[in-house]
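These notes are about the structure you will find just below.
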Amino acid sequence: VQLQASGGGLVQARASLRLSCVYYGGTFEYYAMGWFRQAPGKEREFVAAISRSGRRIYTADSVKGRFIISRYRNTMTLQMNSLKPEDTAAYFCALGRGAGWEEVRTKESQYADWGQGTQVTVSS
């Protein structure tokens with residue numbers, strides 16, 4: 001299983017970025033997917049998750065209304081709007097095995113495979 005995350009960068013506050021996570025290695029619809037982030041000196045935290053069907057999503061309160069998660073074919077995306085300096089972090093995509101068709105997963109322990117991370121830096 002390979003997950004390749006991309007799309008990070010340095011932007012000003014209120015800008016937008018679109019992160020992508022490409023899956024290489026089989027049938028993408030078998031897996032629940034999620035995004036997490038980790039800021040310097042902090043623990044990794046949940047950002048957003050999407051079910052295998054793509055119909056159920058869940059986003060953290062800190063990004064609700066600003067970030068949108070989606071998936072299509074072998075790619076998951078995170079559209080990030082109205083970025084804030086506190087969104088600065090390394091963003092990781094993750095793959096969850098054995099999930100139900102409409103299940104969303106919000107805990108790190110529920111994910112088996114992780115991408116390498118893409119850095120997002122938001123200046124004020």
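The values are calculated or read from the model by the stated rules, or taken from the named source; none is laboratory data. Since the model is a prediction, treat every value here as computed from it, not as a measurement. Because the Cβ atoms are built from the backbone with ideal geometry, glycine has one as well, and the counts that use them run over all protein chains shown. These area figures cover heavy atoms from the full protein model, side chains too; ligands, DNA and RNA do not enter into them. Shrake-Rupley method; radii C 1.70, N 1.55, O 1.52, S 1.80 Å.
Overview of values
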read-out: Residues of segment 85-106 classified as assigned to a loop (DSSP other than H, G, I, E, B) and either on the phi < 0 side of the Ramachandran plot or of a type in the set (F, W, Y) (or both), total; value: 10
read-out: Segment 46-79, residues that are assigned to a strand (DSSP E or B) and either modelled with pLDDT under 95 or open to solvent by 30 Å² or more (accessible area, probe 1.4 Å) (or both); value: F46, I57, Y58, I68, S70, R71, Y72, T75, Q79
read-out: Filtered residues of segment 78-109 (kept if aliphatic (A, V, I, L, M) and out of contact with any strand residue (DSSP E or B) (no Cβ under 6 Å at 6 or more places or on another chain)); value: none
read-out: Pairs, first in contact (Cβ under 8 Å) with a residue 24 or more places away in the chain in segment 42-63, second polar (S, T, N, Q) and part of a loop (DSSP other than H, G, I, E, B), C-beta under 6 Å, six or more apart; value: F46/T106; A49/T106
read-out: Tabulated pairs, segment 73-98, first under 16 Å from Q38 (Cα atoms), second open to solvent by 10 Å² or more (accessible area, probe 1.4 Å) and among the acidic types (D, E), C-beta under 9 angstrom, 6+ apart or interchain; value: A89/E45; A94/E108; A94/D113
read-out: Failed condition for L10, given (1) open to solvent by 30 Å² or more (accessible area, probe 1.4 Å); (2) without any contact (Cβ under 8 Å) to a residue 60 or more places away in the chain; (3) of a type in the set (A, V, I, L, M, F, W, C); value: (2)
read-out: Residue, nearest to R52 (Cα to Cα), within segment 1-37, restricted to residues that are assigned to a strand (DSSP E or B) and of a type in the set (V, I, T); value: V22
read-out: From S82, S109, residue being out of contact with any Pro (no Cβ under 7 Å at 6 or more places or on another chain), at positive phi and at pLDDT 95 or above; value: S82
